[in-house]
1. Which of the residues spanning the stretch 127-152 are among the hydroxyl-bearing types (Ser, Thr, Tyr) and under 19 Å from residue 82 (Cβ atoms)?
2. Mind listing just one residue for me: the one in the stretch 4-54 that is out of contact with any Lys or Arg (no Cβ under 7 Å at 6 or more places or on another chain) and polar (S, T, N, Q) and, of those, modelled with the lowest pLDDT?
3. Are there any helices (runs of 4 or more DSSP H) wholly within the stretch 1-98 with 1 or more residues that are of a type outside the set (A, V, I, L, M, F, W, C), outside the structural domain of residue 206 (by TED's automatic domain parsing) and within 30 Å of residue 217 (Cβ to Cβ), and if so which?
4. Quick check on this structure: which one of 326, 294 is surrounded by 14 or more Cβ atoms within 10 Å (Cβ to Cβ) and either modelled with pLDDT under 95 or among the hydrophobic types (A, V, I, L, M, F, W, C) (or both)?
5. Grab the helices (runs of 4 or more DSSP H) fully contained in the stretch 262-381, keeping just those with 2 or more residues being closer than 28 Å to residue 250 by Cα.
6. Would it be correct to say that residue 48 is surrounded by fewer than 22 Cβ atoms within 10 Å (Cβ to Cβ) and of a type outside the set (A, V, I, L, M, F, W, C)?
7. Of 28, 12, 43, which residue is touching a residue at least 24 places away in the same chain (Cβ under 8 Å), farther than 23 Å from residue 244 by Cβ and among the hydrophobic types (A, V, I, L, M, F, W, C)?
8. What's the number of the condition residue 188 fails, among (1) touching an Asp or Glu at 6+ places or on another chain (Cβ under 8 Å); (2) surrounded by 17 or more Cβ atoms within 10 Å (Cβ to Cβ)?
Amino acid sequence: MQFSKVIGQEEAKQRLRQLYDEHRIPHALMFTGPEGSGKMALALAFASFLLGERWDGISVLENKAAIANAEAMLSNWQHPDLHFSYPVIKPKGAGSDRKITSEDFATEWRQLLGNGPYFNMEQWMSLMNAENQQAYIFEAESDRLIRKLNIKSSQGGYKVSLIWLPERMNLTSANKLLKLLEEPPQLTVFFLVSEHPEQLLETIRSRVQRFDIHRISDDDIQQALEEKRGVAPEDAKRVARTAAGNWQIALQELDASDENKLFLDLFIMLMRKAYVRDVKGLKAWTETIAAFGREQQKRFISYMLRMVRENFMYNFQQPELCYMTREEENFATHFARFINERNVLLLQARLQRMMREISQNANGKIQFFDFALEVVIYLRQ
């Protein structure tokens, strides 16, 4: 994958190029930063470069035929020296003694990468048909990785282990990764792409070089929307502000995501029924949310957190502080006054607590119904 496919992040690209030019590539890099900022895109592009793909006309390989061969294999993510590890679920019908590895979902993974380097856990779970299962990187994956990396490079150069969301490793798997990091095989580099690096073992964090990136600038998102998607400048500017540095959100807004529309409708429904104290209606609303998978429930909570913040800020009548779509802003015109200094912190704290409870497998129906009833009180404050 070429660096030209990475949205913005010019400073990060320069830092990576400097590591190569100065022969300072560490044996383990951990890419971290806000969701949608391009951590995975940068890791994929740098991995492709180390395996032979050209970057500004330069390749680590010298033979033109070898370069062409490497680029052909990387075009469909089937280079023999590129090893992916990522969270997976237990396949349907798998017995208790089944050793589960990333290879069990290799087809789905290549499909995900084929759609582009910007994706999230919800999209991955959907491709795996995870329903309410949780995804992890199991012990057997570390065993597989050890076997693969101890084999000599098939192309005679680097071997790259790219681990997406290493914080989802179970303890045994994490400890085995630690041993690999302490004694890496020759010419092997590890790229860890993490959303929550604080959840990793301290011993792992101490053995990798952290590579922090910032959110994508609004100008870079606007430019990408105009050049790559043909969006009119005015619309691109509005979408870029709403995305707040997240390319995935920009694409969702651009594509008029059915899920985003659903979330807005559900948020409006909740507030209207809570205002008129329609308990029966709130119960029906809860039934709708309870039918969502756990990851979608968490995404909806994140959406409600954003809407609470945006409606509170709308009251200050400063457009540059608000990041809403036209439809969201239309609702805020009449609703924003109900989110004020007396209830905004209470609502945010309650939503954050519900996020933690849902993440810990709490009963979604109970959580959302309790919250809906509390909104009745919050709106009167």
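1. So the first thing to find is which residues in the stretch 127-152 are among the hydroxyl-bearing types (Ser, Thr, Tyr), and the list is 136, 142.
Matches in the stretch 127-152: 142 only.
2. Selected residue: 4.
3. Values: elements: 10-21, 39-50, 64-75.
Here the list is empty.
4. Details: 326 fails: surrounded by 14 or more Cβ atoms within 10 Å (Cβ to Cβ).
Result: 294 is the single residue among 326, 294 that is surrounded by 14 or more Cβ atoms within 10 Å (Cβ to Cβ) and either modelled with pLDDT under 95 or among the hydrophobic types (A, V, I, L, M, F, W, C) (or both).
5. Numbers: elements: 279-290, 294-314, 326-335, 344-359, 364-378.
Helices (runs of 4 or more DSSP H) meeting the threshold: 279-290, 294-314, 326-335, 344-359.
6. On the way: surrounded by fewer than 22 Cβ atoms within 10 Å (Cβ to Cβ): no; of a type outside the set (A, V, I, L, M, F, W, C): yes.
No; evaluated as a whole, the condition is false for this residue.
7. Values: 12 fails: farther than 23 Å from residue 244 by Cβ; 43 fails: farther than 23 Å from residue 244 by Cβ.
Residue meeting the stated conditions: 28.
8. Status for residue 188: all satisfied but (1).
The values are calculated or read from the model by the stated rules, or taken from the named source; none is laboratory data. Since we're looking at a predicted model, the values are computed, not measured. Every residue, glycine as well, gets a Cβ built from its backbone with ideal geometry; the counts of neighbours run over all protein chains shown.
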